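These notes concern the structure reproduced below.
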Amino acid sequence: MEKILIDDICTYRFPENLQYSPDGKYLAFQTAYADTEKNTYKRDVWLMKDKTPVQFTSSGDSSLIFWEDDETMVISRTKEEHKSAATELYRLSVNGGEAQIWITLPFILRSMKKLDAGMYIAAGFIRADDPDAYLDDEKTAAEKAEALKKEADYEVLDEVPYWFNGAGFTNGKRSALFLVKTGGKTEIRRLTDPYFDLSAVIVEDGKAYFTGSEMKGCTSMYEQIYAYDPAEDKVAVLYGKEDHSVSNIYMLDGKLYALASDMKTYGVNETPYFCLVEDGELKKIRKPELGMHCSVATDVLLGGGKSAFTAGGYYYTLETNDDHAEIRRYDSETNETIVVSFPDISCFDTKGGRIAFAGVPEDAPAEVYIAEGTEIRQITELNTKAVEGRYVAKPNRVDYTSHGEELHGWVLLPEDYDPAKKYPAVFDIHGGPRCVYSTCFFHEMQAWAAEGYIVFFTNIRGSDGRGDAFADIRDQYGFVDFDNLMDFTDAVLAAYPAIDTDRICETGGSYGGFMTNWIITHTDRFCCAASQRSISNWISFSLISDIGPWFGPDQCGAKGLFTSADTELLWKHSPLKYAADCHTPTLFIHSDEDYRCPLAEGMQMMQALAVQGIETRMCMFRGENHELSRSGKPQHRLRRLNEITDWFNKHTK
């Protein structure tokens with residue numbers, strides 16, 4: 001069989017944003033695909049018509065926004081001239097024909113929902129110091145744009161966070177809620193205050209419910225809950241206290257519910273309670289056993305779509321159960337039912353008892369599936385040819401015990417594996433730490449197996465899918481998790497003695513990058529390592545990362561950032577503290593616009609190795625952020641994976 005190649009990542013198509021029409025007759029979605037020549041991704045809208053998926057646009061710049069009615073989609077098209085100031089929306093009929101321009105919104109659109117005929121709720125971006133710039137006439141807008149050009153070579157920072165991963169410098173920028181009226185002349189009106197930052201918004205029975213908080217100086221970790229009634233044309237406060245993080249809201253049987261956490265038991269990663277929003281209070285109903293999202297890691301998905309919503313009298317949401325994704329539904333008493341289980345799911349929608357979802361199976365990149373009852377059928381063949389005739393390594397489970405807990409991981413074997421031979425290996429550690437590996441297709445691991453490596457990976461303490469107590473490793477970073485990883489390595493070597501112990505490579509990104517930095521400073525058992533988008537110094541991380549001020553101290557068990565006791569805890573968990581004990585050749589991969597694990601984190605560790613004469617190399621990607629390996633520009637994704645693979649080959653072959 002042919003090998004899976006590194007370059008194959010640019011041949012995959014990525015399904016996104018599944019949406020049924022209101023009557024359930026049609027299913028629309030979009031696919032993203034690489035344009036390696038222009039080093040970008042293109043997107044087009046597809047439609048399930050007569051039980052067959054049909055590509056409905058071919059311009060490469062179309063994204064699905066929402067269904068206007070049973071036969072009309074509203075889509076956006078990315079136009080260079082409007083990229084920084086406006087969003088063009090088009091109507092596209094299922095009966096064919098060209099998309100027709102509908103309205104141009106004078107801001108960058110985040111989401112849009114229909115309130116009533118000719119009335120919509122839109123979320124878009126504004127500047128807090130000029131919140132009504134969307135009302136400017138052409139001349140004023142041009143003058144402001146010219147003034148901004150003159151200031152383009154510097155930033156003024158007066159709030160935290162002043163940047164955010166994937167969004168660049170966000171100082172002074174806010175997500176606002178707008179009312180949009182069409183029919184004749186389009187009317188647009190901002191509903192939220194200039195410094196208010198919108199989080200979630202839903203529309204039910206002609207009203208909008210939303211969450212967010214005012215941000216001045218330093219962002220709040222808490223959100224409040226509001227409602228906008230167009231009949232009364234006013235915003236009402238439904239929950240105004242600053243004591244809970246509200247991750248989502250939904251309406252069932254005429255009652256408003258929130259998923260909210262006070263973060264007092266398990267810190268910032270705590271799973272929220274189901275709460276009833278009533279009489280200005282959050283009345284706790286039940287705490288779910290699992291986190292209400294899918295945290296499965298893979299590199300063959302790009303965008304998302306709907307992951308939680310109400311339909312048919314139930315609240316549907318994605319969850320992570322142990323080592324796979326699930327779609328669950330909850331009634332108004334929070335009784336739950338598992339309706340779909342799959343290795344990985346990025347988004348879904350449901351109508352008439354059918355659930356359509358974008359999922360990643362074990363043996364191929366993502367496709368679109370429909371589940372009816374217990375039957376799941378694949379309805380697209382977006383990536384069939386990409387893996388046809390190629391060897392795809394199957395995950396072989398390895399069970400082990402560490403710190404008294406039953407854990408497991410998997411091993412991918414090269415084609416024609418011969419236990420009598422000796423093989424190099426790659427140990428790949430996931431990020432998060434509250435993420436999980438599943439058995440789903442993972443391109444980089446398959447590419448390494450095709451190169452002749454035995455690849456192994458696992459879910460340790462701190463991973464998602466087994467509840468808050470299992471995921472809680474505050475003040476344990478580098479200790480219990482390190483022991484778990486070493487115990488898994490021992491279990492894999494016992495199960496596969498064909499692994500050459502002198503040729504085991506190790507890598508990981510984000511939390512996996514932190515663990516790589518920790519591993520190279522605490523053991524010499526790996527012949528080389530590749531540390532990606534890592535953390536090396538919790539003190540510096542906490543003062544420059546977009547999530548640093550609250551995530552760093554929380555995860556290290558500190559109460560804050562500035563007392564000697566705080567900094568001692570942060571330093572205790574910092575790999576940089578132990579850099580003198582490192583002897584492992586290490587490659588560092590970082591991006592200059594990674595504001596989650598900023599570039600300085602990799603630079604510190606790389607320089608600490610270099611001044612000691614340890615073989616090291618850094619590959620820095622300009623214009624990329626924390627998502628380089630998952631959604632970076634096509635050429636950059638290829639270069640990244642080639643850099644890592646070449647590093648492994650150099651030290652094993």
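The values are calculated or read from the model by the stated rules, or taken from the named source; none is laboratory data. Nothing here was measured: the structure is a model prediction, and the numbers come from that model. In this analysis, Cβ positions are derived from the backbone assuming ideal geometry, glycine residues included, and neighbour counts consider all displayed protein chains.
Working carefully through the options Ile355, Ile370, find the one that is surrounded by 16 or more Cβ atoms within 10 Å (Cβ to Cβ), of a type in the set (A, V, I, L, M, F, W, C) and either more than 24 Å from Asp253 (Cα to Cα) or at pLDDT below 95 (or both). Don't jump to the end; show me each part of the working.
Values: Ile355 fails: either more than 24 Å from Asp253 (Cα to Cα) or at pLDDT below 95 (or both).
Only one candidate qualifies: Ile370.
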Check whether at least one residue in the range 298-306 is in contact (Cβ under 8 Å) with a residue 60 or more places away in the chain and either more than 30 Å from Tyr391 (Cα to Cα) or in a strand (DSSP E or B) (or both), and report yes or no.
-> yes
Subset of the range 553-574, residues basic (Lys, Arg) and either in a loop (DSSP other than H, G, I, E, B) or crowded, with 21+ Cβ neighbours inside 10 Å (or both), comes to Lys559
Listed by first then second residue, the pairs whose first member lies in the range 315-334 and is small (Gly, Ala, Ser), whose partner is in a loop (DSSP other than H, G, I, E, B) and crowded, with 23+ Cβ neighbours inside 10 Å, with beta carbons under 7 Å and at least 6 positions apart or on separate chains, are Ala325/Cys294; Ala325/Asp344
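Starting from residues that are of a type in the set (D, E, K, R) and in a loop (DSSP other than H, G, I, E, B), keep the ones in the range 220-236 and report whichever is farthest from the chain's Cα centre (by Cα).
So the first thing to find is which residues in the range 220-236 are of a type in the set (D, E, K, R), and the list is 223, 229, 232-234.
Narrowing the set further to residues that are in a loop (DSSP other than H, G, I, E, B) leaves 223, 232-233.
Numbers: Glu223: 21, Glu232: 37, Asp233: 35 Å.
That would be Glu232.
How do the strands (runs of 3 or more DSSP E) wholly within the range 389-443 filter down when requiring 2 or more residues that are of a type in the set (A, V, I, L, M, F, W, C): which remain? Quick ask: steps written out before the conclusion?
Values: elements: 396-402, 405-412, 423-429.
Where strands (runs of 3 or more DSSP E) fall fully within the range 389-443 and carry at least 2 residues being of a type in the set (A, V, I, L, M, F, W, C), they are 405-412, 423-429.
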Checking Gly465 against (1) under 20 Å from the mean Cα position of the chain (by Cα); (2) of a type outside the set (A, V, I, L, M); (3) over 27 Å from Lys394 (Cβ atoms), the condition it does not meet | (3)
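Just to be sure I understand, how many residues within the range 142-172 are assigned to a loop (DSSP other than H, G, I, E, B) and either at negative phi or of a type in the set (D, E, K, R) (or both)? Talk me through it step by step, then tell me what you get.
Here is the first cut: in the range 142-172, the ones assigned to a loop (DSSP other than H, G, I, E, B) are 151-159, 161-162, 165-167, 170-172.
Checking the rest, the ones that are also either at negative phi or of a type in the set (D, E, K, R) (or both) come to 151-159, 161-162, 165, 167, 170-171.
Within the range 142-172, residues that are assigned to a loop (DSSP other than H, G, I, E, B) and either at negative phi or of a type in the set (D, E, K, R) (or both) number 15.
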Which pairs do you get when a residue that is without any contact (Cβ under 8 Å) to a residue 40 or more places away in the chain and buried (at least 18 other Cβ atoms within 10 Å of the Cβ), found in the range 62-78, comes within reach of a residue that is aliphatic (A, V, I, L, M) and not in a strand (DSSP E or B), reach meaning Cβ atoms under 9 angstrom, with the pair 6+ apart or on two chains?
-> Ser62/Ala99; Ile75/Ala99; Arg77/Ala99
For the range 343-379, which residues satisfy the criterion of being free of Cβ contacts under 8 Å to residues at least 60 places away in the same chain, among the polar types (S, T, N, Q) and in a strand (DSSP E or B)?
-> Gln378
Selection from the range 199-223 of residues that are polar (S, T, N, Q), modelled with pLDDT of 95 or more and either out of contact with any Gly (no Cβ under 6 Å at 6 or more places or on another chain) or buried (at least 21 other Cβ atoms within 10 Å of the Cβ) (or both) | Thr211, Ser213
Going by the conditions given, is Thr140 β-branched (Val, Ile, Thr), buried (at least 17 other Cβ atoms within 10 Å of the Cβ) and without any contact (Cβ under 8 Å) to a residue 40 or more places away in the chain?
-> no
